[in-house]
Amino acid sequence: MQKELEKLVNLDSGKITFKDSQIDYMLQNIGNLDPHLRDDVVYTLFARGFLESSLISEQKAKIVTSFINSKSLFKGIEQPENDLVFLRTFSALLGSLILEDDKKYSILDTTERNTIFNWSI
């Protein structure tokens with residue numbers, strides 16, 4: 001799957017489309033310890049997916065649901081000296097992409113929006 005996603009990274013702007021299995025893989029690897037996979041592939045594709053409007057509404061909903069249900073912003077926070085810092089950091093970055101997209105397209109319901117805003121505080 002990583003090789004498949006690496007090919008997407010190299011596509012021109014506006015040319016990316018995602019399969020649900022790719023979204024699932026990206027969600028599972030948002031805090032991966034491999035910096036290439038985490039930074040250059042997963043986060044880059046999430047950013048491009050939102051910023052280039054390459055994600056369909058069902059995929060955005062899946063990402064939002066996973067983001068909220070996993071509560072990955074808080075995983076291991078009581079133990080700050082562990083590798084979960086990558087999961088928390090890149091989840092925060094994903095949260096900002098979600099909020100930016102919500103600002104443009106109103107993808108969140110009131111409860112989701114309030115949850116994310118409260119978490120940011």
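Looking across the range 40-82, not a single residue is free of Cβ contacts under 8 Å to residues at least 12 places away in the same chain and buried (at least 16 other Cβ atoms within 10 Å of the Cβ). Among the residues making up the range 9-66, those that are among the hydrophobic types (A, V, I, L, M, F, W, C), within 20 Å of Val85 (Cβ to Cβ) and either assigned to a loop (DSSP other than H, G, I, E, B) or touching a Phe, Trp or Tyr at 6+ places or on another chain (Cβ under 7 Å) (or both) are Met26, Ile30, Leu33. Taking the stated definitions as given, is Asp40 farther than 27 Å from Leu11 by Cα, at pLDDT 95 or above and charged (D, E, K, R)? Taking the combined requirement at face value, the residue does not satisfy it.
The set of residues from the range 83-121 being surrounded by 13 or more Cβ atoms within 10 Å (Cβ to Cβ) and either on the phi > 0 side of the Ramachandran plot or not in a helix (DSSP H, G or I) (or both) comprises Ile107, Leu108. Checking each residue in the range 1-39 for being closer than 21 Å to Lys75 by Cβ, aliphatic (A, V, I, L, M) and free of Cβ contacts under 8 Å to residues at least 24 places away in the same chain picks out only Met26. Scanning the range 67-82 for residues that are more than 14 Å from Leu27 (Cβ to Cβ) and in a loop (DSSP other than H, G, I, E, B) gives Gly76, Ile77, Glu78, Gln79, Pro80, Glu81, Asn82.
The values are calculated or read from the model by the stated rules, or taken from the named source; none is laboratory data. Predicted, not measured: the structure shown is a model, and the values here were computed from it. Here the Cβ is made from the backbone with ideal geometry for all residues, glycine too, and neighbour counts use every protein chain on show.
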